[in-house]
1. Any idea what the dipole of the chain comes to, in debye rounded to 20, about its Cα centre with Lys/Arg Cβ at +1 and Asp/Glu Cβ at -1?
2. Taking loop as defined by DSSP and a crowding limit of 11 other beta carbons within 10 Å, which trypsin sites (Lys or Arg not before Pro) in the stretch 1-84 fit?
3. Computed from the coordinates I sent, Kirkwood radius over Cα pairs in Å equals one of [x] 20.2; [y] 16.7; [z] 14.7. Tell me the label.
4. Using a 10 angstrom cutoff on alpha carbons, build the Gaussian network for the chain and name the most mobile of THR33, THR45, THR85.
5. Just add up the charged neighbours of LEU7: K/R +1, D/E -1, any other residue whose Cβ is under 13 Å from the Cβ of LEU7.
6. Considering only ALA61, LEU90, CYS78, whose Cα is most displaced toward the positive end of the charge dipole of the stretch 55-99, charges sitting on Cβ of Lys, Arg (+1) and Asp, Glu (-1)?
7. Roughly how tilted is helix 57-98, in degrees to the nearest 10 and between 0 and 90, from the longest Cα axis of the chain?
8. Excluding the sites themselves, what is the longest stretch of the chain that contains no GluC sites (Glu not before Pro) in a DSSP loop with at most 16 other C-beta atoms within 10 Å?
Amino acid sequence: MKQTVTLYIHRNLDWKEGSSYPDEFSIDTCDCTKMSHLNYLLLGTQEVEVTIPDVDYREKAVAKFDKQIAAIKADAACRVRQVETKKQELLAIGNEVAA
């Protein structure tokens with residue numbers, strides 16, 4: 001799938017050589033001139049076509065949950081077997097005392 005995105009090219013008016021600002025120019029996906037904490041000048045825009053990969057993230061998330069469910073069920077089954085074994089051992093002790 002292809003999608004058209006507008007890129008905004010800005011110049012940082014607060015930038016000086018050696019300043020804490022990383023770059024004099026920036027390319028953003030929004031117009032940063034409206035952000036009060038930034039002193040940016042909009043130099044121009046560019047429309048670009050971006051290819052979006054066809055990935056079903058919901059399907060991946062469901063598969064991840066299925067793996068978690070299987071792991072929990074396996075752990076629970078193991079714990080149930082451990083408790084049943086302890087119960088059987090206790091019952092066996094009780095039978096030995098009665099005999």
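Read-outs: derived from the displayed coordinates by stated rules, not from any lab. Note that this is a predicted model, so its numbers are computed, not measured. Positions of Cβ are generated from backbone atoms using ideal geometry, with glycine treated the same way; all protein chains shown enter the neighbour counts.
1. Dipole about the Cα centre, nearest 20: 620 debye.
2. Those satisfying the criteria are LYS16.
3. From the options [x] 20.2; [y] 16.7; [z] 14.7, the structure gives [x].
4. THR85
5. -4
6. It is ALA61.
7. Compared with the principal axis, the helix lies near 20 degrees.
8. 25-99
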